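Read through the structure below, which is laid out as structure tokens, and then see the notes.
The values are calculated or read from the model by the stated rules, or taken from the named source; none is laboratory data. Here the structure is a predicted model, which is why all the values come from computation and not from measurement. When we count neighbours, we look across all protein chains shown, and the Cβ atoms used for this are built from the backbone with ideal geometry, even at glycine. With ligands, DNA and RNA removed, areas are computed over all heavy atoms of the protein, side chains included. Shrake-Rupley method; radii C 1.70, N 1.55, O 1.52, S 1.80 Å.
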6 protein chains.
Amino acid sequence: MAELHALTKLPRIGWVLAGVANPESVSDHCFETAIIAYILAQQIDEPVELGKVLTMALFHEVGEVRLTDLPRRSSPYVREFKRKAEREAAVDILGDLAGEVLPLLDELHELKTLEARLVEAAEELQIIAAAMYYAKENQGDISEYRRDVARYDALGIVPAALVAEVVARRLGEYLGDRPYWELGYRRENQPPAKE
Amino acid sequence: MAELHALTKLPRIGWVLAGVANPESVSDHCFETAIIAYILAQQIDEPVELGKVLTMALFHEVGEVRLTDLPRRSSPYVREFKRKAEREAAVDILGDLAGEVLPLLDELHELKTLEARLVEAAEELQIIAAAMYYAKENQGDISEYRRDVARYDALGIVPAALVAEVVARRLGEYLGDRPYWELGYRRENQPPAKE
Amino acid sequence: MAELHALTKLPRIGWVLAGVANPESVSDHCFETAIIAYILAQQIDEPVELGKVLTMALFHEVGEVRLTDLPRRSSPYVREFKRKAEREAAVDILGDLAGEVLPLLDELHELKTLEARLVEAAEELQIIAAAMYYAKENQGDISEYRRDVARYDALGIVPAALVAEVVARRLGEYLGDRPYWELGYRRENQPPAKE
Amino acid sequence: MAELHALTKLPRIGWVLAGVANPESVSDHCFETAIIAYILAQQIDEPVELGKVLTMALFHEVGEVRLTDLPRRSSPYVREFKRKAEREAAVDILGDLAGEVLPLLDELHELKTLEARLVEAAEELQIIAAAMYYAKENQGDISEYRRDVARYDALGIVPAALVAEVVARRLGEYLGDRPYWELGYRRENQPPAKE
Amino acid sequence: MAELHALTKLPRIGWVLAGVANPESVSDHCFETAIIAYILAQQIDEPVELGKVLTMALFHEVGEVRLTDLPRRSSPYVREFKRKAEREAAVDILGDLAGEVLPLLDELHELKTLEARLVEAAEELQIIAAAMYYAKENQGDISEYRRDVARYDALGIVPAALVAEVVARRLGEYLGDRPYWELGYRRENQPPAKE
Amino acid sequence: MAELHALTKLPRIGWVLAGVANPESVSDHCFETAIIAYILAQQIDEPVELGKVLTMALFHEVGEVRLTDLPRRSSPYVREFKRKAEREAAVDILGDLAGEVLPLLDELHELKTLEARLVEAAEELQIIAAAMYYAKENQGDISEYRRDVARYDALGIVPAALVAEVVARRLGEYLGDRPYWELGYRRENQPPAKE
């Protein structure tokens, strides 16, 4: 499991490409996803299995240990095999833990249970909140993330939707009327890339 | 709770002082502590409340949001006040979450329950494992951490003790006979500082 | 005295928290404080003991070698013991030099002599000038430092007041109408933190 | 073509995983590959089309603009798809230039012409030379690259083989008897990964 | 020729002084100059010797291996001897390659041939495009580079002039009405510095 | 005088070339030179004008604001012009302060007075001590600095000689038998470069 240490060294590539000088690591992303998932779990009325929620949040990027953080603009080229590659890598990395963790990652991927929706909502919230912090701190060109905010789907987790509204408002204030220059997404006869 | 984002920006000061050029953040430390605690929880025979374990691990440095990561060499000067200051800061930072999280942090501090000992063992394991990785990667002068390894207390968590042995051996291999130059711990009529 | 080398490695934590990617070190701060103090000393009409002024400026953060740079938001929790801790740390760090330097640091703390007021005015000027440079360079969210500029007290050092006016004007130009989002200062029934 | 600017921001991920604090960018790698290819072209007796050689060297990582630098340990999971994905990405990125550049990249991939072998030999030489410089500078754990050096294939380019011998010797001197700890390559029933 | 590796470590000092936190290296500059020169060569109607163009672009900063990247503000003090120093350094660094490369660098300096004008136009285009990217990414205070854009001379290379217009427009959008504070160019009785 | 802020951004180029990932700034060097000069001044028996010593130490690199930190390997090419260029730059940068500071810099350059010798001894001591710290922290290839240590001249300042002996011993311990590979100093018919 020593391999998981690599997550503290891998930068989140989206921020690298946005020009953030010292971007968060993949582990920073997982940590904050877990924290946000914890808070959301406290705020909703339904009973939630906390251990499951936090395990999903902590391990949801485990495949990146070997595949690294593929950016959104890679999507048209890796779409067909990425999920399979990530799952195979996860099996190899987890080793003895695969029996426990892999079913949770599959559950997260399917988005059917409350815990899965909660973690997914938390993960996407982490991304737009990070965008807001970078915009606040003048780090990189964050204008592309207006789109993420606009498309944010709380998956029925009400407090996540409320936080996302605040994030959207603040991000808008920090970005102002900054122009957005689309680079890295052009592909003929194809809709814009989505991660 | 937006304040917790600061943990992704705060460097672990011990590594800064050791000369690690791009050291892990406090959130990296918490993430890895949680991962290690999860693995230890899988490996011991006794039943463990997983949600509690991961919550303790994720929030155990919450006070550093306002107090930052005070290094070991500050110990002789802040020893009497630090715990109280951290707890007060935690109350202010956690806000509405304090009711849930603060009792867990107190439980962790007291080291009486299995969950508390497991997280404490995981945290200390994270530190000596990080030392081993930095020694492996030639980052900074890690010779001081031989002492941490030698003093490692698994608190009765058997798999933690087994991992610590491997870490000790590898750290020894990477450091070789590198000299240790004690800087920052001298105080007359006083035993060497301990965090 | 080799310990003082740590000041070149310790980042000024306020800038870290503001999101400055590669912030100045404590030694950078001391260097610029000394340079500014030198210039102010040239510009005032009264006779100034230059050796004393520069010694005060160079050594005024010596305690941070062991305590690190505690940020403003730590103030409510460390207020009562910080000064004492810094002084004790300074004694231990300075060793044989304490006899010469400590009385100067005490003199600086009391702000009674011209030299002490001059160095204090220089130090605060360094901080707001650094804020101005970071705002100029789009580094981090500097909006909080509008408050420092507004509260700047030249302590009767006239040329310091003149420079502070220029800094205030330029900082205002660079920040424009950027919103200020207070994070890290909430405490019930308590006035806003001050360092 | 503005997208190619991303290559100056993307770190070579192998060095990130090895713990190099401030690793070379993909563009650094391409620049040095071109320089080495130029030198080899001067040193061999056969006539070489220099414009072709340098174009191959400069553009050989163009697909990484969208796919980023996938590390060696991703190989078992992406092996079947990577070449196709890179080529498709290259087409989209190159746009109008694809007509000129793509045939050269295909030629490079096939390793049949002298120019292709020369650029390939230069690229691999850049990698082992970079390993040697990092070992010289104590940056990261470079012990894994002993294997690259041992397997270096000059593809018939004699001066490349001569330089590789010097690199091998110096790398050996700098690494000494440093242990190699294989992380990130375990896969059951499968030979060790190769990029 | 191992010395040329230094170009990957040397930061472009102009960006350092502008406050860019993690600026491009000299080799990044050379790489992009070569890429731009390649594209311009494809777009003009006249026949161009591609090998010569790319060699000029790749080696045009070779003297900086020993002299480093002297900033514009050094110009009044080094103007008289810089060219000679660079040429002497280039001779020593290039060694056996000097016979091939030095005449090309001289040709580039004289700006008489089409290839020389094309590379010079590409190099200046790289600088203003880098300014535009940094402005886009909020990195540093780029306001000074408005002047470079205004003075851009395409040297008769038509497609370079067209790209420069786009760069100028975008840079203007990103910088808005940001004030320009001239620092580092004052010299009495002397026209403003030019590199 | 706002220009002097640049010294906090300029890296000491010698360490950059040695492969130190996050090297000290020119202002760090000046700060430590001043601290060391202060300590030496306390330790010698002769009376020393402290204000003069510290002013010399703080301003001794003022010319680098415009000329940057030229590395040792530039010496053969700039030797004849460097001193004049630095002095002219200093005049322009210092402006109104030149009347006070320039005579001190000239005095330092001539090495005739006790204060000048003391600051020069302190500056060289800072360099070899920094080398020792980087060697201790595995930062970069410091093997070249064995030569600086061997050639260290305390200029008659006895306590400087004593410290230099300790530095020499520790540097030797940290470097062990690490090979030294001379790069960047070859010039025919010319003795090895000296700054």
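State the number of residues belonging to region B:127-138 that are more than 16 Å from residue B:165 (Cβ to Cβ) and under 13 Å from the mean Cα position of the chain (by Cα).
Selection size over region B:127-138: 1.
Going through region A:6-33 one residue at a time, which ones are of a type in the set (Phe, Trp, Tyr) and within 14 Å of chain E (Cβ to nearest Cβ)? Reasoning before the result, please.
Quick first cut of region A:6-33, residues of a type in the set (Phe, Trp, Tyr) only: A:15, A:31.
Within region A:6-33, A:15 is the sole residue that qualifies.
Sort out which residues of region F:88-132 are without any contact (Cβ under 8 Å) to a residue 12 or more places away in the chain, among the aliphatic types (A, V, I, L, M) and open to solvent by 50 Å² or more (accessible area, probe 1.4 Å), and write them in order of number.
F:91
Mind listing whichever residues of region A:151-181 are more than 30 Å from residue E:171 (Cα to Cα) and in a helix (DSSP H, G or I)?
So the first thing to find is which residues in region A:151-181 are more than 30 Å from residue E:171 (Cα to Cα), and the list is A:152-166.
A:158, A:159, A:160, A:161, A:162, A:163, A:164, A:165, A:166, listed by residue number.
Going through region B:74-87 one residue at a time, which ones are free of Cβ contacts under 8 Å to residues at least 12 places away in the same chain and either within 9 Å of another protein chain (Cβ to nearest Cβ) or in contact with a Phe, Trp or Tyr (Cβ under 6 Å, 6 or more places away or on another chain) (or both)?
Our first condition is that a residue be free of Cβ contacts under 8 Å to residues at least 12 places away in the same chain; within region B:74-87, this holds for B:74, B:77-81, B:84.
Scanning region B:74-87 gives B:74, B:77, B:78, B:80, B:81, B:84.
Within region B:156-184, how many residues are more than 19 Å from the chain's Cα centre (by Cα) and either open to solvent by 30 Å² or more (accessible area, probe 1.4 Å) or away from chain D (no Cβ under 14 Å) (or both)?
At the first step, the residues of region B:156-184 found to be more than 19 Å from the chain's Cα centre (by Cα) are B:169-170, B:172-184.
Now drop any that are not either open to solvent by 30 Å² or more (accessible area, probe 1.4 Å) or away from chain D (no Cβ under 14 Å) (or both), which leaves B:169-170, B:172-173, B:176-184.
Number satisfying all stated conditions: 13.
What's the number of the only condition in (1) among the polar types (S, T, N, Q); (2) open to solvent by 20 Å² or more (accessible area, probe 1.4 Å); (3) more than 7 Å from every other protein chain (Cβ to nearest Cβ) that residue B:42 fails to meet?
Result: residue B:42 passes all but (3).
Here is a check on your reading of the model: is residue D:37 of a type in the set (Gly, Ala, Ser), farther than 26 Å from residue E:21 by Cβ and open to solvent by less than 20 Å² (accessible area, probe 1.4 Å)? Explain how you work it out, then say what you get.
Values: of a type in the set (Gly, Ala, Ser): yes; farther than 26 Å from residue E:21 by Cβ: yes; open to solvent by less than 20 Å² (accessible area, probe 1.4 Å): yes.
Yes, satisfied.
Of everything in region E:185-195 that's surrounded by 13 or more Cβ atoms within 10 Å (Cβ to Cβ) and charged (D, E, K, R), which residue is modelled with the lowest pLDDT?
Step one: list which residues in region E:185-195 are surrounded by 13 or more Cβ atoms within 10 Å (Cβ to Cβ), which gives E:185-187, E:193, E:195.
Among the residues that remain, those that are also charged (D, E, K, R) are: E:186-187, E:195.
Values: E:186: 65, E:187: 62, E:195: 39.
If we take residues in region E:185-195 being surrounded by 13 or more Cβ atoms within 10 Å (Cβ to Cβ) and charged (D, E, K, R), then E:195 is modelled with the lowest pLDDT.
Count, please, the residues in region A:40-65 that happen to be without any contact (Cβ under 8 Å) to a residue 40 or more places away in the chain and more than 27 Å from residue B:23 (Cβ to Cβ). Explain how you work it out, then say what you get.
Filtering region A:40-65 for residues without any contact (Cβ under 8 Å) to a residue 40 or more places away in the chain gives A:42, A:45, A:47, A:50-51, A:54, A:58, A:63.
From what is left, the residues that are more than 27 Å from residue B:23 (Cβ to Cβ) are A:42, A:45, A:47, A:50-51.
Counting residues in region A:40-65 that are without any contact (Cβ under 8 Å) to a residue 40 or more places away in the chain and more than 27 Å from residue B:23 (Cβ to Cβ) gives 5.
Looking for something closer than 27 Å to residue A:77 by Cα, open to solvent by 20 Å² or more (accessible area, probe 1.4 Å) and not hydrophobic (A, V, I, L, M, F, W, C) - is there at least one such residue anywhere in region D:147-155? Reasoning before the result, please.
Taking region D:147-155 first, the residues closer than 27 Å to residue A:77 by Cα are none.
No, the conditions are met nowhere in region D:147-155.
Report, by residue number, each residue of region D:46-68 that is open to solvent by 10 Å² or more (accessible area, probe 1.4 Å) and charged (D, E, K, R).
The answer is D:46, D:49, D:52, D:61, D:64.
Name the residue, out of A:137, A:120, that is at pLDDT 95 or above and farther than 14 Å from residue A:18 by Cβ.
Values: A:137 fails: farther than 14 Å from residue A:18 by Cβ.
Being at pLDDT 95 or above and farther than 14 Å from residue A:18 by Cβ holds for just one of A:137, A:120, which is A:120.
For region F:98-111, indicate whether the set of residues that are at the interface with another protein chain (Cβ under 7 Å from one of its Cβ atoms), within 14 Å of the chain's Cα centre (by Cα) and at pLDDT 95 or above is non-empty. Let's see the steps before the verdict.
Within region F:98-111, the subset at the interface with another protein chain (Cβ under 7 Å from one of its Cβ atoms) is F:100.
Those still in the list that are within 14 Å of the chain's Cα centre (by Cα) too: none.
No, that holds for no residue.
Hey, residue E:123 hits all of (1) within 13 Å of another protein chain (Cβ to nearest Cβ); (2) in a helix (DSSP H, G or I) but one; which does it fall short on?
(1)
Out of curiosity, is residue C:3 over 14 Å from residue C:123 (Cβ atoms), touching a Leu at 6+ places or on another chain (Cβ under 8 Å), more than 14 Å from chain A (Cβ to nearest Cβ) and open to solvent by less than 10 Å² (accessible area, probe 1.4 Å)? Working first, answer last.
Numbers: over 14 Å from residue C:123 (Cβ atoms): yes; touching a Leu at 6+ places or on another chain (Cβ under 8 Å): yes; more than 14 Å from chain A (Cβ to nearest Cβ): yes; open to solvent by less than 10 Å² (accessible area, probe 1.4 Å): yes.
So residue C:3 passes the test.
Regarding residue E:51, is this residue more than 9 Å from every other protein chain (Cβ to nearest Cβ) and not acidic (Asp, Glu)?
Working: more than 9 Å from every other protein chain (Cβ to nearest Cβ): no; not acidic (Asp, Glu): yes.
So residue E:51 does not fit the description; no.
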